[in-house]
Amino acid sequence: MTAPDFYRRDRSAHPPAYAPGYKSSVLRAPFRPLHSLEQTSLERSGPALGHAPVGPLDHDLIRNAAVDGDALGERIYLFGQVLDENAKPVPNALIEVWQANAAGRYAHVKDGYLAPLDPNFSGCGRCVSDAEGRYLFRTIKPGPYPWPNNGSDWRPAHIHLSIFGEAFTQRLVTQLYFEGDPLIPLCPIVNTIPDATVIDRLVARLDMRNQEPFDCLAYRFDIVLRGQRQTHFETRPEGA
Amino acid sequence: MREKLFETPSQTAGPYVHIGTAPQSIGRPALSGQPGPVIESDTGAAITLEGVVHDGAGAPVRDAMLEIWQADGDGRVGPHGLFARAVADFGSGLYRFQTVKPGPHAKGHAPHIALLIFARGINIHLHTRVYFPEDADRIAADPDFARLSPEARDTLIAKRTEGETYRFDIHLQGPNETVFFDI
Ligand SMILES: [Fe+3]
């Protein structure tokens, strides 16, 4: 039995490799066009990382590196659903995240920003999507930070995500931003994507209904991975 | 007409990718079961795969994160497929995997390892393949090579340096630019 191919990646809905406004891409972008190949059983399958158990606090960045108290900052849930392009939920997707602390500083040997580290925060988390593709993190909202690009550019608050679906073709690494952040349209990394409607797919939405009262705000961010070509015609259910 | 959702756009992994994907490389404990650079499998010959990712000026990309996905030594993929993740050394830029030589997983195709590259300045990960020099006959007959020039082919074939060690350098840009795939 051969599983059907995944849809080709629509490269116009991703940043191009060469985006000179983001200086680091200038020497790291291939000049030659990508070489198109047929998928084989290798790319149509993938490592089952989302089937291995994860630790009980892996999704909770407020507590998972705590030494003597909760991480400092604006407490949030980050939640959503992992879907494929056919709107089919993707269960057992592994989502790994990393982020700066509330002051905009990473717990990383290479980050020299003068903002303080938080001894109770590592900025590392992961979780696995459930049978309906749903996932949930608890964390603090990261702070914006400056970086050298055109002088001091500023990154909007963002969380980095790495996602494994069922197939290696679905592999995706990206960043999410927060609704209403005035730094989003100013960011050279955001603007590697030329189309505002595509950028909008990276913005997590404030969701007051899913807050934890007197504790946590909530942001919703759905993730869409590549989907398999459908082998037979499917009609949408009435009212869907 | 079928309604299709749009894939979430990619963004660069940035220079701090280690925090979430390879915490052991920055002195923090790895999470349980988190993949590292070593694959244990008794299905094939143990090999080392190592190299440096170079930018367009020839400088090593010291912040790169690389992932491999391959058939096991018997050519089996799916649940038998093998995965590993390595990060470039902060000083030399060298990455190193320990794995087994994959068997052929598809008829007519030479054995190979799928390799993804993530780094600051790479807006969407790059996908290449590692082939083996001793498989020259199979490579010559592999339809995936049909439209590649001899120079382009050579960028995909690792060099056997010593014993069971293969060297696979990646050139992101320039005259020796590695072939990257859209699969
Ligand atoms: Fe960042």
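Residues that are in contact with a helix residue (DSSP H, G or I) (Cβ under 9 Å, 6 or more places away or on another chain) and modelled with pLDDT of 95 or more: find the strands (runs of 3 or more DSSP E) completely inside region A:61-156 holding 2 or more of those.
Strands (runs of 3 or more DSSP E) meeting the threshold: A:75-84, A:94-98, A:124-128, A:145-149, A:151-155.
Please give the number of the condition A:Pro185 fails out of (1) open to solvent by less than 10 Å² (accessible area, probe 1.4 Å); (2) away from the ligand (no atom under 13 Å from the Cβ).
Of (1) open to solvent by less than 10 Å² (accessible area, probe 1.4 Å); (2) away from the ligand (no atom under 13 Å from the Cβ), only one is false for A:Pro185: (1).
Of all residues being among the acidic types (Asp, Glu) and in a loop (DSSP other than H, G, I, E, B) in region A:1-43, which is farthest from the chain's Cα centre (by Cα)? Just the residue, please. Full working, then the answer.
Let us first name the residues in region A:1-43 that are among the acidic types (Asp, Glu), namely A:5, A:10, A:38, A:43.
Next, from what is left, pick out any that are in a loop (DSSP other than H, G, I, E, B): A:5, A:10, A:38.
On the way: A:Asp5: 24, A:Asp10: 18, A:Glu38: 27 Å.
Within region A:1-43, the match that is farthest from the chain's Cα centre (by Cα) is A:Glu38.
Identify all residues within region A:149-175 that are more than 9 Å from chain B (Cβ to nearest Cβ), within 15 Å of the ligand (Cβ to nearest atom) and either aliphatic (A, V, I, L, M) or more than 24 Å from A:Leu114 (Cβ to Cβ) (or both); write none if there are none.
Selection gives A:Ala157, A:Ile159.
From (1) surrounded by 21 or more Cβ atoms within 10 Å (Cβ to Cβ); (2) without any contact (Cβ under 8 Å) to a residue 60 or more places away in the chain; (3) within 14 Å of chain A (Cβ to nearest Cβ); (4) not hydrophobic (A, V, I, L, M, F, W, C), pick out the condition that doesn't hold for B:Glu177.
(1)
Being buried (at least 18 other Cβ atoms within 10 Å of the Cβ) and not in a loop (DSSP other than H, G, I, E, B), is that true of even one residue in region B:102-112?
Taking every residue of region B:102-112 in turn, none turns out to be buried (at least 18 other Cβ atoms within 10 Å of the Cβ) and not in a loop (DSSP other than H, G, I, E, B).
Out of the residues in region A:91-111 meeting the condition of being within 11 Å of another protein chain (Cβ to nearest Cβ) and away from the ligand (no atom under 13 Å from the Cβ), tell me which one is farthest from A:Gly69 (Cα to Cα).
A:Leu94
Which residues, taken from region A:74-90, are facing chain B (nearest Cβ under 10 Å) and under 18 Å from B:Gly20 (Cβ atoms)?
A:Val82
If I filter region A:140-148 for residues that are within 15 Å of the ligand (Cβ to nearest atom), without any contact (Cβ under 8 Å) to a residue 12 or more places away in the chain and open to solvent by 30 Å² or more (accessible area, probe 1.4 Å), do I get at least one hit?
yes
If we scan region B:74-84, do we find a residue that is free of Cβ contacts under 8 Å to residues at least 60 places away in the same chain, closer than 20 Å to B:Val179 by Cα and crowded, with 20+ Cβ neighbours inside 10 Å?
no
Okay, residues lined up against (1) among the polar types (S, T, N, Q); (2) under 30 Å from B:Glu151 (Cα atoms); (3) open to solvent by 50 Å² or more (accessible area, probe 1.4 Å):
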site	(1), (2), (3)
A:Tyr18	no, yes, yes
A:Lys23	no, yes, yes
A:Pro30	no, yes, no
A:Leu34	no, yes, yes
A:Leu42	no, yes, no
A:Asp58	no, no, no
A:Ala65	no, no, no
A:Asn86	yes, no, no
A:Trp98	no, no, no
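Here are the criteria: (1) more than 7 Å from chain A (Cβ to nearest Cβ); (2) open to solvent by 10 Å² or more (accessible area, probe 1.4 Å). Tell me which single one B:Leu49 does not satisfy.
Evaluating B:Leu49 over (1) more than 7 Å from chain A (Cβ to nearest Cβ); (2) open to solvent by 10 Å² or more (accessible area, probe 1.4 Å) leaves (2) as the failure.
List every residue pair whose Cβ atoms lie under 8 Å apart, where the two residues are 6 or more positions apart in sequence or sit on different chains, the first residue falls within region B:141-157 and is more than 10 Å from every other protein chain (Cβ to nearest Cβ), and the second residue, located anywhere, is open to solvent by 20 Å² or more (accessible area, probe 1.4 Å) and aromatic (Phe, Trp, Tyr).
Here the result reads none, with nothing in region B:141-157 linked to a residue that is open to solvent by 20 Å² or more (accessible area, probe 1.4 Å) and aromatic (Phe, Trp, Tyr).
Table: residues versus (1) of a type in the set (Val, Ile, Thr); (2) closer than 22 Å to B:Ile122 by Cα.
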| site | (1), (2) |
| --- | --- |
| A:Asp111 | no, yes |
| A:Asp130 | no, no |
| A:Leu136 | no, no |
| A:Thr139 | yes, no |
| A:Pro148 | no, yes |
| A:Ala157 | no, yes |
| A:Ala167 | no, yes |
| A:Gln170 | no, yes |
| A:Phe178 | no, no |
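Just for region B:18-46: of the residues that are aliphatic (A, V, I, L, M), within 7 Å of chain A (Cβ to nearest Cβ) and not in a loop (DSSP other than H, G, I, E, B), which one is nearest to the ligand (Cβ to nearest atom)? First the steps, then the outcome.
Taking region B:18-46 as the starting set, the residues that turn out to be aliphatic (A, V, I, L, M) are B:19, B:22, B:26, B:30-31, B:38-39, B:45-46.
In the following step, the residues that additionally are within 7 Å of chain A (Cβ to nearest Cβ) were identified as B:19, B:26, B:31.
Still in the running and not in a loop (DSSP other than H, G, I, E, B): B:19, B:26.
Numbers: B:Ile19: 9, B:Ile26: 14 Å.
It comes out as B:Ile19.
Based on what the data block shows, is A:Glu74 touching a residue at least 12 places away in the same chain (Cβ under 8 Å) and open to solvent by 40 Å² or more (accessible area, probe 1.4 Å)?
Numbers: touching a residue at least 12 places away in the same chain (Cβ under 8 Å): yes; open to solvent by 40 Å² or more (accessible area, probe 1.4 Å): yes.
Yes.
Identify all residues within region B:48-95 that are among the aliphatic types (A, V, I, L, M) and part of a loop (DSSP other than H, G, I, E, B); write none if there are none.
B:Ala57, B:Ala59, B:Val61, B:Ala64, B:Ala71, B:Val77, B:Ala88
Could we say that B:Asp89 is within 23 Å of A:Ser162 (Cβ to Cβ), more than 7 Å from chain A (Cβ to nearest Cβ), open to solvent by 50 Å² or more (accessible area, probe 1.4 Å) and not hydrophobic (A, V, I, L, M, F, W, C) here?
Judged against the criteria, B:Asp89 is a match.
The values are calculated or read from the model by the stated rules, or taken from the named source; none is laboratory data. Just so it is clear, the structure is predicted and the values come from calculations on it, not from any experiment. Every residue, glycine among them, receives a Cβ derived from its backbone with ideal geometry; neighbour counts consider all protein chains shown. Just so you know, the surface numbers come from the protein's heavy atoms only, side chains and all, with ligands and any DNA or RNA stripped out. Shrake-Rupley method; radii C 1.70, N 1.55, O 1.52, S 1.80 Å.
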